[in-house]
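Input: one structure, supplied below.
The values are calculated or read from the model by the stated rules, or taken from the named source; none is laboratory data. Quantities reported herein were computed from a predicted structural model and do not represent experimental measurements. All Cβ positions, even for glycine, are placed from backbone atoms using ideal geometry, and neighbour counts span all protein chains on display. Ligands, DNA and RNA are excluded from the accessible area calculation, which covers all protein heavy atoms including side chains. Shrake-Rupley method; radii C 1.70, N 1.55, O 1.52, S 1.80 Å.
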Amino acid sequence: MTYAKGPYDLGHDCHSWLLPEGRWGESNTGLVRGSGSSLLIDTLYDLPHTAEMLAAYKPLLQGHPIRTLVNTHSDGDHWFGNQLVAGPGVEIVATRAAAELMTPSSVSEMVAMSGRDDHVGDFIRQVGGHFDHAGIVATPPTRTFTDELSLDVGGREVRLIQVGPAHTPGDLLVHVPDAQVVYTGDILFIGGAPLVWAGPISRCIAACDLILDLELVAIVPGHGPLTDKTGVARVRDYLDFVHAESVERFEQGLTVEDAVASIDMSLFADMSEQGRIAANVLNVYQELDPTRPRENRLQQFGRIADFELHAAATAQDAVNR
Ligand SMILES: [Zn+2]
């Protein structure tokens with residue numbers, strides 16, 4: 001899916017910065033301008049990409065400086081650039097559950113993962129090699145909340161709605177009622193497959209339903225191009241399908257690996273990052289069997305890397321034959 005890098009004017013002084021192609025680490029940000037101040041939604045995965053995004057927004061910020069930064073969740077591609085926005089007079093807001101994970105060790109763990117001498121490291125370097133994690137200083141939220149928080153941005157209401165645990169433990173949606181715009185964070189990947197790190201998957205479906213119930217003229221996903229309710233419904237369909245197929249295989253006694261290998265995903269073959277199915281099926285198995293040990297991010301990522309590397313090898317075999 002080809003689309004241009006931002007910024008995009010969504011109307012009513014709402015904007016977004018899209019980072020094509022919306023794949024691993026390539027996330028979007030948002031800007032809501034009020035009278036005399038602005039609110040920024042998310043920073044990017046590294047300092048160069050964040051600096052480029054801020055420079056593009058700069059003309060919009062004359063007389064309306066960023067006073068609030070909202071991080072939609074705790075994944076690095078949505079907050080590792082925070083230090084370029086932080087400062088006196090800037091509040092950084094996230095859910096309490098997200099903030100608990102936005103620590104210096106989460107930065108060093110991510111950097112260490114990309115340096116690993118194994119298939120996970122190989123995969124991360126392959127998909128994220130164009131990011132430069134030098135110089136990142138963990139810059140966490142200064143204000144947290146649970147459930148809902150209404151902010152005044154230069155006379156405009158901006159609603160933060162906690163929908164996590166879903167994609168991660170502390171996801172939130174940013175809803176701007178007077179503009180009928182929502183910034184969804186990684187509740188929505190458009191073009192790529194959905195990804196349920198935390199779950200349960202029903203919470204991701206509920207978050208889609210919440211978006212579908214809003215009056216909207218623009219929907220900014222966490223990754224990928226701007227979308228509409230058809231795009232949201234397709235994400236919901238994927239989640240629903242994977243849930244049903246996983247439950248069936250769990251009840252038949254299949255292992256997670258056999259379940260992943262046997263689900264026919266051809267209905268969703270147009271989505272990139274097909275390997276996320278491995279983490280999504282695991283998530284359903286964990287929900288159905290609470291005694292099953294929870295896997296950490298490295299283990300979940302390892303399953304995705306296994307799937308993607310195997311799929312790439314199979315495709316290469318087909319070319320060679
Ligand atoms: Zn993301």
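Which percent of the accessible heavy-atom area of the range 170-213 goes to carbon and sulfur, probe 1.4 angstrom?
53
Something else: Along the Cα-to-Cβ line of Ala313, 7 Å from the Cα, sits a label point; which residues in the range 87-119 have backbone N less than 13 Å from it?
Of the residues in the range 87-119, 119 have backbone N under 13 Å from the label point off Ala313.
Out of residues 5 or more away from Ser272 or on other chains, whose amide H comes under 5 Å of its own, with H placed 1.01 Å from N in the peptide plane?
Gly192, Ala193
Sorted by packing (mean other beta-carbon atoms within 10 Å per residue), highest first, where do 182-188, 271-277, 305-311 land?
182-188, 271-277, 305-311
Counting only C-alpha contacts under 8 Å and six or more residues apart, can you give the relative contact order of the chain as a whole percent?
Averaging sequence separation for qualifying contacts and normalising by length gives 16 percent for the chain.
Can you list residues from other chains, or at least 5 along the same chain, whose modelled amide H is less than 5 Å from the amide H of Arg156?
Ser35
Calculate how many DSSP beta bridges within the chain are antiparallel, expressed in % of all such bridges and rounded to the nearest 5.
Rounded to the nearest five, the antiparallel share is 60 percent.
Which residues does the label zone of His12 cover in the range 216-238, counting backbone N under 17 Å from a point 7 Å along Cα→Cβ?
Under 17 Å, as judged by backbone N against the label point of His12, lie 216-221, 227-229 of the range 216-238.
Say each of Ala51 and Asn320 gets a label point 7 Å from the Cα, pointing the same way as Cα to Cβ; how far apart are those two points in nm?
Between Ala51 and Asn320, the label points sit 4.3 nm apart.
Related question: Sort 68-80, 246-258, 96-108 by the packing proxy (mean of other Cβ within 10 Å over each peptide's residues), most packed first.
In decreasing order of mean packing, 68-80, 246-258, 96-108 become 68-80, 96-108, 246-258.
Label the range 42-133 by shape, choosing from rounded, prolate and oblate, from the square roots a ≥ b ≥ c of the eigenvalues of the Cα gyration tensor; if a/c is under 1.5 it is rounded, and otherwise prolate applies when a/b is larger than b/c, oblate when it is not.
oblate
What Kirkwood hydrodynamic radius do you get for the range 239-302 when you take the inverse of the mean 1/r over all pairs of distinct Cα atoms, in Å?
Result for the range 239-302, one decimal place: 12.1 Å.
How big is Rg to Rh over the range 8-239, alpha-carbon atoms, Rh as the Kirkwood inverse-mean-distance radius?
0.94
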